[in-house]
Amino acid sequence: VSSARGLSRALAPLVVVVGSGGVGKTTLAAAFALGSADEGLETLVMTFDPSLRLKDTLGVGEAARDAEVEVAGAPRLSASLLDARRTFDRLIERYAPGEAARRRILENRYYAHLAGGLAGILEYMAVERLFEVAKSGRYARIILDTPPTRQALDFLEAPDRIVSFLNSGVLKLALRPWFDSTGHFRPPRGLGPLRAGFERLLDETVGLELLREMNEFFQAFAPLYGGFEERAGEVRELLRSPRTLFVLVAGPGEEKVPDALFFARRLEESGHHLGSVIVNRVHPRASGALPAVGAMIDPLDGRALIARLGELDQRGLESLASLLGPARSPVAVPLLPREPNDLSSLRSLAQELERRL
Ligand SMILES: Nc1ncnc2c1ncn2[C@@H]1O[C@H](COP(=O)(O)OP(=O)(O)OP(=O)(O)O)[C@@H](O)[C@H]1O
Ligand SMILES: [Mg+2]
C-alpha cells in the first residue's frame, strides 16, 4: 500500500506528540496510532486527556486507566489513559523496600497531596510510563500524547526537575527529624526560651499535623530516592534517543508562529529529535475572488470571513515554513467540518496525514 509508507516515514518506534494547549495533540496522536495499526504494526497510543474524550472516541472504557486496552474495531491498536496518581503509586510499589514502607507512603496524607499536585508530576509520569511500556517490548510503535502544559516544555524537563527537587534543600529540611520517637515535636536546638513560641508559630502557620505527615512521608520516601534518580536518568536518555521522534503540533494563524518556532528550536537544542511539524485546523483556502486585505468584512458574510481566515492561516504557514527552513516544512491539516470523535473519522484524519506527510 503506497499511502502506508507516508505515515511510517514520518514515525519512529516512539513518537511523542507535543505542542501548546488545545492544538489537537490528543486527536492527532490517536489518528497516527490508528494509521500505524492499520499498516500492520502493533501500536499503543498513550494519552493524557483529562476530559477523557478520547476514551469515548476509542471506546476503551475505564479499564484503560489501569492497563493497555485493545481497541475494538482496530486490530493491533491498544490505548491507555495516563493517570499521574496511579503511575506514582505503581512506582512506589515497585521501589518501596517492603510492604510496611509501601503502606506508610501510600496512606500518608502529604503523599496524597504531593502526588496529586506537585508541578511537573503529571509530565514526569507520562515519560515514566512510556519508559515502562517501551522497555516491555510489547509494541512495535508507541505514540505518546502529552498533557496540556502551562509552559509547553515542562514535559521535557520533568525528569530533570524531579531530580533537582529531590536534591534540593527542601528534601534535607524535610528529612530532619522534627519529631521524637513518641511523636512529639522536637524544635531545633539553641532556641532557648523562644522554643514554645516557635512551636506555636509553626502550628499556626504550617500546622504541626501537616508537618508531621510531611516528615513521615519524606522519611519513608528516602530509601526510594536512589531508584528514582537513576530512573529519571534513563528516561532522559530515552527521550533523546534517535528512536524517539517528536511531532510538533501547532495551531494555525500567524500569531502561533513564534510559539511553534520556539518549541522546535528548544527541542533540537536540548538534543531531542524533531520529526514533522504539523499545523492543525487550517481553514480552507477560498477559491474565487478574495476580499481585499484591509477591506471591511460584513460579519454576517460567512464566506468572506472563512476566506479571510484561510488567507491568514496561509500566511502563517508560509512564514513558519520560511523560518523553519527547507529541511522541515510544516504540514497543514485542515479544520474538519466535525470534531473527529469516532474511529472512522480518526481513520479519515490518518489518511489525510498520510497524504500530506
Ligand atoms: N483537524 C481538526 N479539525 C476539527 N477539529 C479538530 C481537529 N483537530 C482537533 N480537533 C478538535 O479540537 C479539540 C482539541 O483537540 P485535542 O483535545 O486533540 O487538543 P489537545 O492539544 O490534546 O488539547 P489539550 O492541550 O487540552 O490536551 C477537540 O475537540 C478535537 O476534536
Ligand atoms: Mg490532549
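For the stretch 240-285, with the dipole built from +1 on Lys and Arg beta-carbon atoms and -1 on Asp and Glu ones, taken about the Cα centre, which of Val279, Val257, Val247 lies farthest toward the positive end?
With unit charges placed on the Cβ atoms, the residue in question is Val247.
Among the aspartates and glutamates, which fall within straight-line cross-link reach of Lys256, defined as a Cα-Cα distance under 13 Å, with same-chain neighbours fewer than 8 residues apart omitted?
Counting by Cα, and skipping residues close in sequence, Lys256 has these aspartates and glutamates nearby: Asp313, Glu318.
Every read-out reported here was derived from the displayed coordinates using simple, explicitly stated rules and does not represent laboratory data. Everything numeric in this text was worked out from a predicted model, so none of it was measured. Every residue, glycine among them, receives a Cβ derived from its backbone with ideal geometry; neighbour counts consider all protein chains shown.
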